[in-house]
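> Before anything else, here's the structure in question.
The values are calculated or read from the model by the stated rules, or taken from the named source; none is laboratory data. In this text the structure is predicted, and so the values were computed from the model without any measurement. Every residue, glycine as well, gets a Cβ built from its backbone with ideal geometry; the counts of neighbours run over all protein chains shown. Protein only, heavy atoms only, side chains kept; ligands, DNA and RNA dropped before computing areas. Shrake-Rupley method; radii C 1.70, N 1.55, O 1.52, S 1.80 Å.
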Amino acid sequence: MRRTITITLHWLTLVLLLLLIAGGPTPILAWAFALAGLAQCAMALAMGLMNGPGPKLTGTLRNAHPWMSRAMYLALGIVSAATLAQLLGYTAPGPTLPELYFYLLSASALHGIFHLWRHTALGDGALRRITPKSMHGML
């Protein structure tokens, strides 16, 4: 059940982020993104990370992997919280919400490229961990 919820929230936050960038922070999309992002972060805080470097990832990347995961969760949490704050009428200092969305999308793209590399170059099945089982035949 935890895996299913994690996978659902992972892909839901990505789709909602893309929609927020494409269409602007409409209230329904912003609420959905903020709640899904914070729920994903809360699960990770309460239950720990589900991902791991896998046996084929070695050296510096193996040591950096848990920190890169934590950084992604931190980025998602910050952007989700900033979205929620704006919905509640607060303005956080620093980058604007569209800028934060762009930064998170950029980090997400690097995250995706890293896992595509792991899946293809290392053959460690990294994408199987986060894709629904119905898509495993395409991998």
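> Can you sort M47, M1 by solvent-accessible area, 1.4 Å probe, largest first? Walk me through the numbers on the way to the answer.
Numbers: M47 110, M1 170 Å².
Largest accessible area first, the residues go M1, M47.
> At 1.4 Å probe size, put Y90, Y101 in order of accessible surface, largest to smallest.
On the way: Y90 150, Y101 5 Å².
If we order Y90, Y101 from most to least accessible, we get Y90, Y101.
> Then there is this: In whole Hz, with x marking every Gly and Pro, tabulate ³J(HN,Hα) for the stretch 85-98 from phi via Karplus 6.51 cos²θ - 1.76 cosθ + 1.60, θ = phi - 60°.
4, 5, 4, 8, x, 9, 10, 7, x, x, x, 6, 4, x
> Then there is this: With just the Cα atoms defining each centre, how far is the stretch 26-42 from the stretch 68-123? Give it in Å.
13 Å
> Work out how much length L61 to E99 would gain on full extension: take 0.36 nm times their residue separation and subtract the Cα-Cα distance, in nm to one decimal. If you can, show how the numbers build up before the last one.
Values: separation 38, 0.36 × 38 = 13.68 nm, distance 2.81 nm.
Here the answer is 10.9 nm.
> Right, another one. What is the calculated FRET efficiency for L88 to A109, with r their C-beta to C-beta distance and R₀ = 22 Å, to the nearest 0.05?
According to the calculation, E is roughly 0.15.
> Let me check against my output: what whole-number percent is the relative contact order of the stretch 2-77, with C-alpha pairs under 8 Å and at least 6 apart? Mind dumping the intermediate values first?
Working: 34 pairs, mean separation 22.4, N = 76.
RCO, the stretch 2-77: 29 percent.
> For the stretch 1-125, give the magnitude of the charge dipole about the Cα centre (Cβ charges: +1 Lys/Arg, -1 Asp/Glu; no others), in debye to the nearest 20.
On the way: 6 positive and 2 negative charges, 79 e Å.
The calculation lands at about 380 debye.
> Now, a different point. Can you show me the helix-derived [θ] at 222 nm for the chain, built from DSSP H runs with n ≥ 4 at -39,500 (n - 2.57) apiece and divided by the number of residues, rounded to the nearest 500. Intermediate results must be reported in sequence, preceding the final value.
Working: 5 runs with 98 residues, N = 139.
After summing the helix terms and dividing by the residues of the chain, the value is -24000 deg cm²/dmol.
> Here is a further query. Taking amide H positions as placed in the peptide plane 1.01 Å from N, state which residues far from K56 in sequence (5 or more) or on other chains have amide H under 5 Å from it.
Those lying under 5 Å, H to H, from K56: there are none.
> In addition: What is the percent carbon and sulfur in the accessible area of the chain, measuring with a 1.4 Å probe over the protein chains and ignoring ligands? Mind showing how you got there, number by number?
Details: 5960 of 8240 Å².
The value for the chain is 72 percent carbon and sulfur by accessible area.
> Out of the trypsin sites (Lys or Arg not before Pro) in the stretch 40-119, which ones are loop residues according to DSSP with at most 16 other C-beta atoms within 10 Å? Don't skip to the end; give the middle numbers.
Numbers: sites: K56, R62, R70, R118; in loops: K56.
Here the trypsin sites (Lys or Arg not before Pro) that fit, given the DSSP loop and packing criteria, are K56.
> Could you work out the mean projected area of the convex hull around the alpha carbons of the stretch 10-139, in square nanometres to one decimal? Provide the component values of the computation, followed by the final result.
Values: hull surface 35.3 nm².
Computed as one quarter of the Cα hull surface, the answer is 8.8 nm².
> By accessible area of protein heavy atoms, probe 1.4 Å, what ranking do F102, F114 get, highest first? Walk me through the intermediate numbers first.
Working: F102 125, F114 35 Å².
Sorted descending by solvent-accessible area, the residues read F102, F114.
> A further question follows. Using a basic spin-label model with each label point 7 Å from the Cα along Cα→Cβ, how many nm lie between T26 and W11?
2.2 nm
> Right, another one. Before anything else, pin down the relative contact order of the chain: Cα pairs under 8 Å, at least 6 apart, normalised by residue count, whole percent. Kindly include the intermediate steps, with their values, before the conclusion.
Working: 102 pairs, mean separation 38.5, N = 139.
So the answer I get is 28 percent.
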